[in-house]
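Beneath this line is the structure, given in structure tokens, with notes to follow.
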Amino acid sequence: MPEPWTRARPRWAGTAGGAQARASHEGGKRDEFVDPDAPAVAFSLDLAAKDMGLILDLADHLGVAMPQARVNRGIIDEASAHLGPDRDFSAVAALLRELAKEGATT
């Protein structure tokens, strides 16, 4: 039997959470990324940070570098610190826009 992560259809695809996750990647949260002050929270920065921590812990355990995941975790942590951990993860777009205005590079 193949490992769970090698299956063509993700295990979460048939769940209510899977429907929400699919919607967020199929244009369902487009408005939230354009206007991050308007959305209801669907997935908080706090939960995104927790998940990134789990991903990085597993990567460390397996000896996999995953440099982009580390950058993403840093951006999520910074967004959480500046905008609040209860904000929707789409608030990352607001932080990136703010950093771009300041001329920062991440």
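Results, tabulated for the structure shown:
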quantity: Pick from segment 81-104, criterion of a type outside the set (A, V, I, L, M, F, W, C) and in a loop (DSSP other than H, G, I, E, B), ranking: surrounded by the fewest Cβ atoms within 10 Å (Cβ to Cβ); calculated: G103
quantity: Subset of segment 84-106 [within 15 Å of the chain's Cα centre (by Cα) and hydrophobic (A, V, I, L, M, F, W, C)]; calculated: F89, A91, V92, A93, A94, L95, L96
quantity: Unmet criterion (only one of (1) at pLDDT 95 or above; (2) assigned to a helix (DSSP H, G or I)) for A65; calculated: (2)
quantity: Filter result for A49 (of a type in the set (A, V, I, L, M), assigned to a helix (DSSP H, G or I), within 18 Å of the chain's Cα centre (by Cα) and at pLDDT below 80); calculated: no
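The values are calculated or read from the model by the stated rules, or taken from the named source; none is laboratory data. All of these numbers come straight from a predicted model, not from anything done at the bench. Virtual Cβ from ideal backbone geometry, glycine too; neighbours counted across all protein chains shown.
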